[in-house]
Every structure is written in structure tokens, then in C-alpha cells.
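Everything on this sheet refers to the single structure shown next.
The values are calculated or read from the model by the stated rules, or taken from the named source; none is laboratory data. Values in this document were obtained by computation on a predicted structure and should not be read as measured data. Neighbour counts are summed over all protein chains in view; Cβ atoms, including those assigned to glycine, are modelled from backbone coordinates with ideal geometry.
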Amino acid sequence: MVALVPPNPAHGADARDRDVLSIGVTEDERAALWPVELSLALEATRRGPAPLAPRTMVVRDGNRMVFDESVWTDRGLERFSLVVTPRHHAGGTVEVEWELAVWYQPYALRADAESWRTYLLYRAGLGPRPPLERPQLVAVRADIVECRGDAVLESIRVAGRDYALRIAARSTRPAVSPG
């Protein structure tokens, strides 16, 4: 049975840390309070822009992180939304739940000469960017991976392009020496 006890205002703002729902169920309470060091990147495996540049951050266990990036390509605009949630897991590992959604907005080009002239002038750097069509959801991928500090590599194919999602996570909990 789980008892939900409201935080006591006398204990200050950190009283929520002791709420049973904020503690991971696969690890003891003390370990779950330690933050997680999270590193991630989304890179094109061939030539092309990196939708999500490599970054490293320290986040609270169970904290849901959302990254939205847009990349202009020769065909239009690609928008990437990556949601990552790291959690302490048994055996000193960190479980990382991730979900990637990709939207694509192609240039709104008609079959007439004026439309293609506008596009070619833009590509040559001599004119404004052509208008875009409505965004289309082209891919949704999700997985749960376990990390011990080493990077986990996930290969993803989206709209004819290959990407590599790199995720590394480790607990900042100090090693406990036997004694």
C-alpha cells in the first residue's frame, strides 16, 4: 500500500523530494535522489546537418526533457522533437526512455516556371525562401535503453535520410566502498 502524504510546508521547498511518487521504484530512495548525467546527440550519418548538436547536462532522476530543433534542407524544413526521461535502474544502470518525432515541411512548389524560378533564385542566394506546405509527421520512434555511462547508438531512417541517436547516461551517485 502506498500512502500519499502531502509535503509539510515547515520542511521547505525540498519536502517534495520525499514524496513516494518522486522516487524510482527500481532503486532505493537514497540512490533515486542523485541526479543523472545525460549526454545525447542526433547526427546525420552521411553529409548533412546535425539536427541535435551534442550536449551534456545533469538532470534529476525521472525528469522529462524535451528538445525541439529545426533544420533547413534543400527540400524544405525538418523539425525534430526528442523527449528523453532518465531513471535510476537496478544494478547501478540508468534506464533512458526516449521518443523521437519528425515533421517535414516541403517547399510549396508548383509545376509552373515561376515557382521553380523562385526556388532556384533562393538556392543561389538571390531571392527569398519559397513558401512551405503544411507539416507532415513522417516518423515516430521510441525505445527504452539501459546505460552505464557508455553511449548507446540507435540508427533511425527518416524521409530517406539516415540518422544516429547517441545516448549516454550515468548516475552521479558516488561509488559506495565496502567497509
### Query
Would a scan of the range 63-75 turn up a residue that is of a type in the set (S, T, N, Q), closer than 28 Å to V138 by Cβ and out of contact with any strand residue (DSSP E or B) (no Cβ under 8 Å at 6 or more places or on another chain)?
yes
### Message
Within the range 131-154, does at least one residue satisfy the condition of being over 30 Å from L38 (Cα atoms) and free of Cβ contacts under 8 Å to residues at least 24 places away in the same chain?
### Response
no
### Summary
Inside the range 69-81, the number of residues satisfying the requirement of being surrounded by 15 or more Cβ atoms within 10 Å (Cβ to Cβ) and among the basic types (K, R) is 1
### Message
Condition first: under 14 Å from the mean Cα position of the chain (by Cα) and crowded, with 16+ Cβ neighbours inside 10 Å. Now tell me which residues in the range 38-61 satisfy that.
### Response
L38, S39, L40, A41, L42, E43, P51, L52, V59
### Task
With respect to G91, determine if the residue is of a type outside the set (A, V, I, L, M, F, W, C) and either touching a Lys or Arg at 6+ places or on another chain (Cβ under 9 Å) or closer than 18 Å to R55 by Cα (or both).
yes
### Task
Could you identify the single residue in V66, V102, V145, V84 that is exposed (fewer than 15 other Cβ atoms within 10 Å of the Cβ), at pLDDT 85 or above, assigned to a strand (DSSP E or B) and out of contact with any Cys (no Cβ under 8 Å at 6 or more places or on another chain)?
V66
### Query
Do you know which residues across the range 148-160 are in contact with a strand residue (DSSP E or B) (Cβ under 7 Å, 6 or more places away or on another chain), surrounded by fewer than 12 Cβ atoms within 10 Å (Cβ to Cβ) and part of a loop (DSSP other than H, G, I, E, B)?
D150
### Query
Within the range 47-63, can you find the residues that are basic (K, R) and at pLDDT 80 or above?
R55, R60
### Message
Residue under question is E114, and the condition is that it be in contact with an Asp or Glu (Cβ under 6 Å, 6 or more places away or on another chain) and farther than 22 Å from G160 by Cα; does it hold?
### Response
no
